[in-house]
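The values are calculated or read from the model by the stated rules, or taken from the named source; none is laboratory data. Bear in mind that the values here come from a model prediction, so they are computed numbers and not experimental data. Here the Cβ is made from the backbone with ideal geometry for all residues, glycine too, and neighbour counts use every protein chain on show.
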Amino acid sequence: MHPTEGRGAWWRTTAFRITLLHLALTLLGTLALSGLAWWATTRFALNQIADEVARDTSVLAQAAQLGGPRNLALAIDARIAADRSGTQYFLLAAPDGQRLAGNLAAAPPAFGWQRLSLTGPGVPPGEVLALATPLPAGLLVVARDLAPVRQQERFLLGAAGWVGGGALLLGLGGGLLIARGVTRRAAAMDAALARVQAGEMAHRLPARPGGDEFDRLARRINTALDRVQGLMQTLRQVTDDIAHDLRTPLNRLRQRLDLALRTGSGDEAWRAEAEGAIAECDQLLEIFAALLRIAQVEAGARRAGFTLFDISAVAATVAEVYAPAAEERGQRLRTAIAPGIALLGDRDLITQMLANLLDNAVKHGREEGEVTLRLAPGMLTIADDGPGIPAAQRDAVLRRFTRLDAARATPGSGLGLALVAAVAELHGMQLSLGDAAPGLVVALTWGDGQSGSL
């Protein structure tokens, strides 16, 4: 696994989306309830004011019927004098519009319910709800100041702000708790699958009896892992049986050919055929040995034997071994190896991996060309200046028995890079094939978790 894999941006995680959704739903619910409370409260207050205006209008209209305009004017003056809140407004106007009594400056332009702005000397600015009623003697207007309603609205808006802030905090806290639970379960599943990926095929995901959808998913994955483990064990057993069963007769055949070659008296053609058959047997035995090594590496069985060793010394030794082969092809094998680099792993497998890579570079590099091995903390590269590998085929050559057309003229089985890929994955290394312009460059990188100090 790449060191940065699984560390995507936090705003792309499911936990963040759950928190955001929970917060949005909480805010929407709070806004809806606050809006409904605001509408119902202000509507109720306006209805109360309208009822008071309607009652006063009815009472004053009856006073006008019983005592005439003079009695109505006296009643209006008495109500104004008794109003300690300063929210009641009245107007009695003659048919020509002249004010006869009241504290409103002017008559409204029409009859019925309406909202008026307060104007006039000594009158504070504001808005009133007024009812204008025609009378035989003129016009009666009864109004109530809407300032208490506006004050109540401001109070409700302030309360809504406090409630919204509290709901925001509660929603954020609840969303984070939910997200934390989801993240914890997902992290536990990811860690368990990482252990399986690392080779612990017997490890299983935690699943509670009954449980939620995570537990049901974990049980389903565990069932699939049981199936995969069974298939792998069967395949490994078949591979081992085939390799062992075929290696034994191949070894006997080689021994018989070797004995016949050493004791026989055939002609040169016969001896050449016998030597060729022995070479073919050796190649088949090498293929079976490589297959068994790859199967063992992919099963993760060698991980238990990891130790801290000096990969700088290993790289220098492998380069020294392949220097004569490079000289035979007129190549220059250049090395740039930083000393004292420690690696946690299997020394023998790393040695085999480096040997395979240098062997490929020498065989497929250009004659009288250059092969370069570089080792630095956390990175190893091997490059040649041969024909290279097309970008479209670089993934394919890491699979077993894959050989490019240009490499079929040279001896080989197509298992070298497959073993390299298996060893790199076992050690948590990142393997990449690139263009050396010209040629191929193979890069192996690893993190601090695979390094150490000797």
Note: among ALA277, ALA260, ALA243, just one is modelled with pLDDT under 75, within 30 Å of LEU417 (Cα to Cα) and not β-branched (Val, Ile, Thr), namely ALA243
Among residues of segment 413-430 being touching a strand residue (DSSP E or B) at 6+ places or on another chain (Cβ under 6 Å) and outside any helix (DSSP H, G or I), the residue farthest from THR351 (Cα to Cα) is GLN430
Picked from segment 374-389 (must be surrounded by fewer than 17 Cβ atoms within 10 Å (Cβ to Cβ) and within 26 Å of LEU344 (Cβ to Cβ)), the residue farthest from the chain's Cα centre (by Cα) is ALA376
Among residues of segment 425-439 being over 14 Å from VAL397 (Cβ atoms) and small (Gly, Ala, Ser), the residue surrounded by the most Cβ atoms within 10 Å (Cβ to Cβ) is GLY439
Scanning segment 93-115 for residues that are in contact with a Pro (Cβ under 9 Å, 6 or more places away or on another chain) and within 14 Å of ARG70 (Cα to Cα) gives ALA94, LEU100, ALA101
Within segment 167-189, restricting to residues that are surrounded by fewer than 14 Cβ atoms within 10 Å (Cβ to Cβ) and at pLDDT 80 or above, the one that is nearest to LEU31 (Cα to Cα) is LEU169
Counted residues in segment 309-358 being surrounded by 15 or more Cβ atoms within 10 Å (Cβ to Cβ) and part of a strand (DSSP E or B) come to 9
